[in-house]
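One structure is given here, and the rest of the page talks about it.
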Amino acid sequence: MIQHYPRHYASARRAFLDGAKGAVTSHEIKARGPDGEALHMDLTVLGPADARQVLVITSGVHGLELFAGSRCQSRLLADADRLPADLKVVLVHAANPWGAAHVRRNNELNVDLCRNFYDTDNPPSRNEDYERVHELLLEAGNNGMEGHEAMAALAGIRSDLGERRYNEAVMGGQYRHRDGFAFGGFAPSESRKVLEPWLLKHTDGAQEVVMLDLHTGLGEHGAATVVSMQQGAALTQAQAWYGARLVAPAQTDAAEFPEVRGHTTPGYERLLLGRSVLSVIVEFGTYAHERVMKALLADHWSEHSGIHPAHQALIKDELLECFSPVSREWIEAVDQAFDTVLTETLTGMQA
Ligand SMILES: [Zn+2]
């Protein structure tokens, strides 16, 4: 049994490489770690190359959310016997290694990868409501008076727009402000340009592709919430597999699940056209939405405010706690939650 889980990029990567016994495809990204070290996206494959069904499990699309997902992948590598012999499993480790190494949600260009998979032939709509909150969001994480005033102004906009529309303004994705919140980028990111050919190559010839993208920070502490951004048959199938665990933002009024632009899910659907694709986000809950948002806003502010490194370290510490709690109970609950979701997935795929 793995006693601890690494909350550090290099240690998480080391565990993954060890688990994969060196059978890894790696891409060194252009950006470097905080100490100038090289950073990699890594991929390993289990099972037959020409399988009819492929299960893809990705971690660290939101950089600092890597650690729980990495642990799930390492545990699966250590327990690969539980997988059906005719299933191919593709594990992608640290889709956003820069964010993992620097303890940030976004990548080196402040791009949220979950807003970067937009259709390049049909760019996403403009987020008009975001224009009202952009300047305020830059200041809201400031723990001085300026931040206090920005938060008060945001609260006014929030009551004006309503909870869900406010969350869509803040989190729904925007493509104008490179220093902004939920920035989807001006172009496909390096990670996307690596992921897409990897996914095409490793699903070539498959009829059915199921994708689990592992995240943290949303939902109940230690529990798994499965989020489907799909519609039609894929959504119906996900509902049958995951039952009450499944949330579909398109079908709920829940404010914490806004609809977003440029999400990976429609990006994968376009990429894998012609195959049956079921793609879900698996969120392991940590703390209350308010606390997580507060930590993200403080980090957002600290990135451009030039504060003292000791102050920034405190902000990073709380941010990391919000996405990878230091808690034996939490990570053991995540182990169980992942095992349940994996069992439901494998059962569904075999039906
Ligand atoms: Zn995430």
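If you filter the stretch 130-144 down to residues that are assigned to a loop (DSSP other than H, G, I, E, B) and either within 21 Å of the chain's Cα centre (by Cα) or at pLDDT 95 or above (or both), you find that the one that is nearest to the ligand (Cβ to nearest atom) is Gly141.
Within the stretch 188-220, the set of residues being loosely packed, with under 15 Cβ neighbours inside 10 Å, out of contact with any Leu (no Cβ under 9 Å at 6 or more places or on another chain) and not charged (D, E, K, R) comprises Pro197, Gly205, Gln207. Taken over the stretch 166-217, the criterion of being in a strand (DSSP E or B), touching a Gly at 6+ places or on another chain (Cβ under 6 Å) and within 16 Å of the ligand (Cβ to nearest atom) is satisfied by Leu214 alone. Would you confirm whether any residue within the stretch 44-53 is β-branched (Val, Ile, Thr), more than 16 Å from the ligand (Cβ to nearest atom) and touching a helix residue (DSSP H, G or I) at 6+ places or on another chain (Cβ under 8 Å)? Yes, some residue in the stretch 44-53 is β-branched (Val, Ile, Thr), more than 16 Å from the ligand (Cβ to nearest atom) and touching a helix residue (DSSP H, G or I) at 6+ places or on another chain (Cβ under 8 Å). Can you tell me which residues in the stretch 1-26 are under 18 Å from His102 (Cα atoms) and not polar (S, T, N, Q)? Tyr5, Pro6, Arg7, His8, Tyr9, Ala10, Ala12, Arg13, Arg14 - these are the residues of the stretch 1-26 that are under 18 Å from His102 (Cα atoms) and not polar (S, T, N, Q).
Results for (1) farther than 25 Å from Gly147 by Cβ; (2) within 15 Å of the ligand (Cβ to nearest atom), shown as yes or no for each residue.
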residue	(1), (2)
Ala255	no, no
Leu271	yes, no
Arg275	yes, no
Leu278	yes, no
Gly285	yes, yes
Ala298	no, no
Ile315	no, no
Thr345	yes, no
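Only a single item in (1) at pLDDT 95 or above; (2) over 20 Å from Thr225 (Cα atoms) is not met by Gly306, and it is number (1).
hydroxyl-bearing (Ser, Thr, Tyr), more than 21 Å from Met229 (Cβ to Cβ) and surrounded by fewer than 18 Cβ atoms within 10 Å (Cβ to Cβ), is that true of Ser327? Here the answer is yes, as Ser327 does meet what is asked. Taking the condition surrounded by 13 or more Cβ atoms within 10 Å (Cβ to Cβ), modelled with pLDDT of 95 or more and more than 20 Å from Ser305 (Cα to Cα), does Asn127 pass? Judged against the criteria, Asn127 is a match.
The values are calculated or read from the model by the stated rules, or taken from the named source; none is laboratory data. Remember, predicted model here, so these are calculated numbers, not experimental data. Here the Cβ is made from the backbone with ideal geometry for all residues, glycine too, and neighbour counts use every protein chain on show.
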